[in-house]
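Presented below is the structure to which this report refers.
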Number of protein chains: 2
Amino acid sequence: MAKDKKLVEEITSMNDDFGQWYTDVIKKAELVDYSSVRGCMVIKPYGYAIWENIQKSLDTRFKETGHENVYMPMFIPESLLLKEKEHVEGFAPEVAWVTHGGDEKLTERLCVRPTSETLFCEHYSNSIQSYRDLPKLYNQWCSVVRWEKTTRPFLRTLEFLWQEGHTAHATAEEAQEETIRMLNVYADVLENVLAIPVIKGRKTEKEKFAGAHATYTVESLMHDGKALQSGTSHNFGDGFAKAFDIQYTDKNNQLQYVHQTSWGVTTRLIGAIIMVHGDDSGLVLPPAIAPTQLVIIPVSQHKEGVLEKANELKQKLSAKFRVKMDDSDKMPGWKFSEYEMKGVPLRIEIGPKDIEKNQAVLVRRDNREKIFVSLDNLEETVVNTLADVQKSLLEKARELRDKKTYIAATLEEFDQIINSTPGFVKGMWCGERECEDLVKEKTGATARCMPLEQEQLSDKCMCCGKPAKSMVYWGKAY
Amino acid sequence: MAKDKKLVEEITSMNDDFGQWYTDVIKKAELVDYSSVRGCMVIKPYGYAIWENIQKSLDTRFKETGHENVYMPMFIPESLLLKEKEHVEGFAPEVAWVTHGGDEKLTERLCVRPTSETLFCEHYSNSIQSYRDLPKLYNQWCSVVRWEKTTRPFLRTLEFLWQEGHTAHATAEEAQEETIRMLNVYADVLENVLAIPVIKGRKTEKEKFAGAHATYTVESLMHDGKALQSGTSHNFGDGFAKAFDIQYTDKNNQLQYVHQTSWGVTTRLIGAIIMVHGDDSGLVLPPAIAPTQLVIIPVSQHKEGVLEKANELKQKLSAKFRVKMDDSDKMPGWKFSEYEMKGVPLRIEIGPKDIEKNQAVLVRRDNREKIFVSLDNLEETVVNTLADVQKSLLEKARELRDKKTYIAATLEEFDQIINSTPGFVKGMWCGERECEDLVKEKTGATARCMPLEQEQLSDKCMCCGKPAKSMVYWGKAY
């Protein structure tokens, strides 16, 4: 192992410096590169292939739930951005402004979309007349820009890729149903595709989206005990509809405002995959989104019959899996480390002795288990092993998340826990902004969400001791 | 027919006003909408679904030919854009400039990418060291911005969606091979997926891409006799490599410059589909990219058993085709017109009498042929009919294109032809810029390309009478 390691450039250990470990992994697993554009990423083929697989999982589910993809302009005229008061206050300080087209100064500035509520609202205002036009269930895949001061690849960048769903409904009930439906789609993809366990909950007033009536979130916990907001689903009520005059004639010929939602996830999910599953050897990818699900490595490949056999296996397995066979002239040990770094879920080693015994050696990336398997059962074993890897990753992540989830009854206790053992801390809250601000000020932690599954830990707010209204997951967040 | 027509809003006839016909079709077939952002499109679900199908056709072929998708920043710092002289002269006058991030004035302006050569070059300069790193075969799907004065949906817009391939190779030969390979991929997709016949050729020096050594193009002819540049593939030689210092160490340990290509197609292809196949009843879509390949319309749907049968057919056919069943309370005649407007390739009518006879009525969108078919053979007939529609569309378009392709021996003859019978005009050319400029000045036509398949129409340039170097397809273009 030590010998292998030296062949690949080493990465910082997670426990020594989690931030540096993250930076090493994204660079050495060839996920991203930097460029001369401050705060923006070059997403390299391996990183982008992960994103494409995430996109497919989401897009299929969006379409199954009746949504259609559209594309809106990337620019928003300043006057349009200004239409909804809370929304503009939330976003105006962090948008990029286009002031010139060629040599000509524009009469009105355009911002590069930080999110597209205003454009969808304008479109809905023009295209919705009657109850027959509802619901509108639109989604768009694009990039957006937010002028962040400090950035980190995938987690917080000036420009990032995402999808933004924007829907319009006849009633408040339908909008609320949609908000929760899409929250559940996100939870499904995170848990069953990315193998990342989530807490589903509602954001506090302080943490909700600018202009939303209510924001719901899926929160996950990274290996270092910091929380990551992994996807949000907003119920806008009729706030935007009133600002943008989106009305329809109902069945009784009465004018009504629509009720709207929006929901989005971003390339940040790749950051979550890295920080939930990764280890000191690099990336660990869930099979469902791994660009390469298994890599075949011929051992003593110059010996007669080895490459032929390796190619034969590749041919056979490619029908069902995303397979790579590495017959480059590097040493097997180097290759083992390389594909561990890249998080390939399963490695198949095949050498002359294996061929003699009609077997291959499978090695799991997640727990390094070695499995000797007859070539007659190879395909079946791969199917089962990949399924087990997928399942194990989720279980392992859930165990760690649960282990790092604490309970605090008082602010003192809270402060002690969050700063000695980072993680989620569950604590009761009176619902007042003052207490929420106090937690932030004293400890640096924020209310991640009020989980949909509430627990009555005590009757009292952990800050002020007054009657508690909700149980909150608190944490320090990316 | 007349009665049906009245039920749907009518569109302008192609022959009366082709431009207005185009505008009517894109609006009434619900492909795009306008917004308050000048020159940008809202691509609606039906238009975007066509784009998604085009994307799939292309992306599959890109991957089959070894290309990988990546994502580069949407911004280009001014200093980076300025690095290649011809390139910046070509693009600087038409870029959108970001000058402020939030409230802060930027120290260096960023342009919104009009194309990403400069970013790919910077990345290649950082990531290519050795011949082992070559070739780099990258592609990106994104939107780009060019500050056009006059715009028209799909054909010329401030922002448009496209893919841009950018590759780096060890030798000039490999770069040239790649340039032609991708030109052929475009020709394949246009002809065999979009059913649009193309002329493959090379652009003149005047018409080539800013910074390219040579530009190749696939040119198609619209129904009104105007040409549309439908896709381009550029060989950059080592020009960008020298400007951006992209060098690699070859097998003999010598430093060499890479040779590069780039190639792209855009949402403009949707404009081509409309203008090549459309008719006075609206859109006509090739089955390969039609979001709905066949629509089932129940006739007398209130009668017992009709909706059940229609649903049963939908169920059955959905396994193989993209099917829609319209059981809304509108009249069948209205529905017929509606799906003709939307260009759905095949309609299936099923009513009580059909059910009695165990048959359905198929109606082709392209030639309105009615086919009575036994329900026992329905699936097979649909397969064959859709294949025939796809083939017929290409043949019909090729016939029209050939009919509208003329030959001119002199500039006078050329002028007369191009202005009385718009189309492609083949004419010999001496290769001098003066003659090319003269054609433009006198007739408004431009050199569309020097086709790869040359014909020796005469020995003399049609302009100056001096010895001819190439046969050129000339035309007025979108």
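Within region B:152-168, identify whether any single residue is of a type in the set (F, W, Y), at pLDDT below 95, open to solvent by 20 Å² or more (accessible area, probe 1.4 Å) and closer than 30 Å to B:Y257 by Cβ, and answer yes or no.
No: region B:152-168 contains no residue that is of a type in the set (F, W, Y), at pLDDT below 95, open to solvent by 20 Å² or more (accessible area, probe 1.4 Å) and closer than 30 Å to B:Y257 by Cβ.
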Residue match in region B:4-27 (condition: in a strand (DSSP E or B), modelled with pLDDT of 95 or more and either surrounded by fewer than 15 Cβ atoms within 10 Å (Cβ to Cβ) or facing another protein chain (nearest Cβ under 9 Å) (or both)): no
Can you find a residue that is touching a residue at least 24 places away in the same chain (Cβ under 8 Å) and of a type in the set (F, W, Y) anywhere in region A:314-328? yes
Inside region B:285-327, the number of residues satisfying the requirement of being open to solvent by less than 40 Å² (accessible area, probe 1.4 Å) and either of a type outside the set (S, T, Y) or at pLDDT below 95 (or both) is 21
Filtered residues of region A:194-217 (kept if over 21 Å from A:K404 (Cα atoms), crowded, with 21+ Cβ neighbours inside 10 Å and touching a helix residue (DSSP H, G or I) at 6+ places or on another chain (Cβ under 7 Å)): A:G211, A:Y216
Restricting region B:257-282 to residues that are in a strand (DSSP E or B) and of a type in the set (S, T, N, Q), which is most open to solvent (accessible area, probe 1.4 Å)? B:T266
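Can you pull out the residues in region A:149-163 that are in a loop (DSSP other than H, G, I, E, B), touching a strand residue (DSSP E or B) at 6+ places or on another chain (Cβ under 8 Å) and more than 9 Å from chain B (Cβ to nearest Cβ)?
A:T150, A:P153, A:F154, A:L155
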Matching entry among B:E108, B:E94, B:E68 (being assigned by the TED database to the domain that holds B:E178, surrounded by fewer than 23 Cβ atoms within 10 Å (Cβ to Cβ) and out of contact with any Phe, Trp or Tyr (no Cβ under 7 Å at 6 or more places or on another chain)): B:E108
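Take the residues in region A:381-424 that are part of a helix (DSSP H, G or I) and basic (K, R); name whichever of them is surrounded by the most Cβ atoms within 10 Å (Cβ to Cβ). Walk me through it before giving the result.
Narrowing region A:381-424 to residues part of a helix (DSSP H, G or I): A:381-403, A:411-420.
After this cut, where a residue has to be basic (K, R) as well, the list is A:391, A:396, A:398, A:401, A:403.
Details: A:K391: 14, A:K396: 17, A:R398: 16, A:R401: 21, A:K403: 11.
Among those residues, the one meeting the criterion is A:R401.
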Failed item, numbered, when B:Q454 is tested on (1) open to solvent by less than 80 Å² (accessible area, probe 1.4 Å); (2) closer than 22 Å to B:S230 by Cβ: (1)
Would a scan of region B:428-437 turn up a residue that is closer than 21 Å to B:R202 by Cβ, assigned to a helix (DSSP H, G or I) and open to solvent by less than 50 Å² (accessible area, probe 1.4 Å)? yes
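Is it true that some residue in region B:184-193 is closer than 18 Å to B:R61 by Cα and part of a loop (DSSP other than H, G, I, E, B)?
Yes, the conditions are met somewhere in region B:184-193.
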Determine the pairs where a residue that is touching a residue at least 24 places away in the same chain (Cβ under 8 Å) and more than 17 Å from B:S300 (Cα to Cα), located within region B:337-353, has a partner that is outside any loop (DSSP other than H, G, I, E, B) and of a type in the set (S, T, Y) with Cβ atoms under 8 Å apart, the partner being 6 or more residues away or on another chain. B:K342/B:Y46; B:L346/B:T385
Please state which of the following conditions A:E173 fails to meet, knowing it meets all the rest: (1) surrounded by 18 or more Cβ atoms within 10 Å (Cβ to Cβ); (2) of a type outside the set (S, T, Y); (3) farther than 28 Å from A:D279 by Cβ. (1)
From B:L137, B:L80, B:L183, grab the single residue that is within 12 Å of chain A (Cβ to nearest Cβ), open to solvent by less than 40 Å² (accessible area, probe 1.4 Å), touching a strand residue (DSSP E or B) at 6+ places or on another chain (Cβ under 6 Å) and of a type outside the set (K, R). B:L137
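For every residue, the table says whether it meets (1) farther than 23 Å from A:N53 by Cα; (2) of a type outside the set (K, R); (3) under 18 Å from the mean Cα position of the chain (by Cα).
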site	(1), (2), (3)
A:W141	no, yes, yes
A:T150	yes, yes, no
A:R181	no, no, yes
A:A210	yes, yes, no
Pairs please, first residue from region A:169-181 and within 12 Å of A:P135 (Cα to Cα), second anywhere and in a helix (DSSP H, G or I) and of a type in the set (F, W, Y), Cβ atoms under 7 Å, 6+ apart in sequence or on different chains. A:A170/A:Y131
Taking region A:83-110 and keeping only residues that are more than 9 Å from every other protein chain (Cβ to nearest Cβ), over 24 Å from A:K136 (Cβ atoms) and in contact (Cβ under 8 Å) with a residue 24 or more places away in the chain, one is left with A:E89, A:E108
Breaking point among (1) within 11 Å of chain B (Cβ to nearest Cβ); (2) touching a residue at least 60 places away in the same chain (Cβ under 8 Å); (3) buried (at least 21 other Cβ atoms within 10 Å of the Cβ); (4) within 30 Å of A:F321 (Cβ to Cβ), for A:L58: (1)
Criterion first (among the charged types (D, E, K, R), in contact with a strand residue (DSSP E or B) (Cβ under 8 Å, 6 or more places away or on another chain) and surrounded by fewer than 20 Cβ atoms within 10 Å (Cβ to Cβ)) does A:K357 satisfy it? no
Within region A:154-183, track down each residue that is within 20 Å of A:T118 (Cα to Cα) and in contact with a helix residue (DSSP H, G or I) (Cβ under 9 Å, 6 or more places away or on another chain). A:F160, A:L161, A:W162, A:Q163, A:E164, A:G165, A:H166, A:T167, A:A168, A:H169, A:A170
Within the set of pairs 6+ apart or on separate chains, which have a first residue in region A:435-455 that is closer than 16 Å to A:V198 by Cα, a second that is loosely packed, with under 14 Cβ neighbours inside 10 Å, and C-beta atoms under 8 Å apart? A:A447/A:K206
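Could you check region B:117-134 and list, in sequence order, the residues that are under 20 Å from B:E177 (Cβ atoms) and either open to solvent by 10 Å² or more (accessible area, probe 1.4 Å) or at the interface with another protein chain (Cβ under 10 Å from one of its Cβ atoms) (or both)?
B:F120, B:Y131, B:R132, B:D133, B:L134
The values are calculated or read from the model by the stated rules, or taken from the named source; none is laboratory data. Quick caveat: nothing in here was measured; it's all calculated off a predicted structure. Please note: Cβ atoms are built from the backbone with ideal geometry, for glycine as well, and neighbour counts cover all protein chains shown. Heads up: the accessible areas ignore ligands, DNA and RNA and are worked out on the full protein's heavy atoms, side chains in. Shrake-Rupley method; radii C 1.70, N 1.55, O 1.52, S 1.80 Å.
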